[in-house]
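Input: a single structure, listed below in structure tokens.
The values are calculated or read from the model by the stated rules, or taken from the named source; none is laboratory data. Quick caveat: nothing in here was measured; it's all calculated off a predicted structure. Cβ sites come from the backbone with ideal geometry, for glycine too, and all protein chains shown count toward neighbours.
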Amino acid sequence: MRWIWIDKFVEFEPGRRAVAVKNVTRAEEHLHDHLPGFPVMPASLVIEGMAQTAGILVGQARDFRENVILAKIRSASFDDYAVPGDTLAYEARIETLEDHGATTRGVVRRNGEEFGRVDLMFSHVGAAQVSGLPRHNFVFTESFMTLLRSFEPVGDAVRGGGA
Amino acid sequence: MALSAAGRIPQADPGGSDVVRIGSDGGDAVTTATRDEVLSKVRDVLVDALGVDSEEVTPEATLQGDLGAESIDFLDIVFRLEKAFGIKVNRSELFPEEVLSNPDYVDNGKMTDEGISKLRSAMPHADLSDFEKDPQVERIRDLFTVDAIVNYVEQKLRAA
């Protein structure tokens, strides 16, 4: 199973901002254990969803030339839980984008209402630094690129920079 | 808190009353800032970047030993300094790793005279006086103090 925690992009402004959604469903196996009788999406996976939204935004901004590694969760706070049936929208904005890496600010909305904030820092890692490491360690694989291709409104613009 | 003259950048007045120009977050408005004001902003940056208490961020505190910074935090500190002061921070200026981790400058676990000389020109913002007495390589990390960051920022603000 590929580790993908966003369902699709609904907005994508290259180099600036992206919004991806995630539908939380009872079919997700981990919710049976987290927690027994009280299914709650782990906050760590909400952060992962934001990291994937923001990571693709950052990677696309430089045409996927570097691998974009989540380096640090600068801050994360949530006001409530996400449960099966909820739709999460991850809105990520690029705050800084430089050779060494990037910072992003993010707001998570649950069914349209803000319920969390996740600010992240990414490190750019060039091909030379990852040689010898397995490719599946990195996010910009075919399955992730499919997410961008399936996003129609600005699909052409995004496809142009594909890996 | 007294600041030793040796801990300051060479052209700084050790009286602590020197004033430098400092950009706001937006980078447009320019006001003047004393060393205390620079320290105060650097303290905020380190509190946010490292999750430490404000009282822990004394001028003498070392980033790694005292404040628990890990290598990735240095990039975070660079980003936050740029935003807080509206300056461009060159990571290899603030933390000159090419000197600090160069095996040519290490002999028998100590930094060579040549290495120290290189370090002096690469890190004018650091106080090397204590390190020079016993230049064990594992003591290099103690050069990264809050004071060194304040010196670096002041240096940048003066040049701006």
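Of the helices (runs of 4 or more DSSP H) lying entirely inside the range B:100-160, the ones with 1 or more residues being within 14 Å of the chain's Cα centre (by Cα) are found at B:113-122, B:146-159. Only one entry in A:L57, A:L31 is in contact with a strand residue (DSSP E or B) (Cβ under 8 Å, 6 or more places away or on another chain) and without any contact (Cβ under 8 Å) to a residue 60 or more places away in the chain, namely A:L57. Would you check which residues across the range B:45-90 are more than 14 Å from chain A (Cβ to nearest Cβ) and of a type in the set (D, E) and list them? Those that are more than 14 Å from chain A (Cβ to nearest Cβ) and of a type in the set (D, E): B:D53, B:E55, B:E56, B:E60, B:D66. Against the criterion of being in contact (Cβ under 8 Å) with a residue 60 or more places away in the chain and over 30 Å from B:E93 (Cα atoms), A:Y81 does not qualify.
Just one residue in the set A:V125, A:V130 is at pLDDT below 95 and within 14 Å of chain B (Cβ to nearest Cβ); that residue is A:V125. Based on what the data block shows, is B:E97 acidic (D, E) and buried (at least 16 other Cβ atoms within 10 Å of the Cβ)? It is false that B:E97 is acidic (D, E) and buried (at least 16 other Cβ atoms within 10 Å of the Cβ).
So, A:T25, is that one part of a helix (DSSP H, G or I), of a type in the set (S, T, Y) and out of contact with any Asp or Glu (no Cβ under 7 Å at 6 or more places or on another chain) or not? So A:T25 does not fit the description; no. Being buried (at least 19 other Cβ atoms within 10 Å of the Cβ), more than 14 Å from chain B (Cβ to nearest Cβ), closer than 18 Å to B:I72 by Cβ and at pLDDT 95 or above is true of A:A54.
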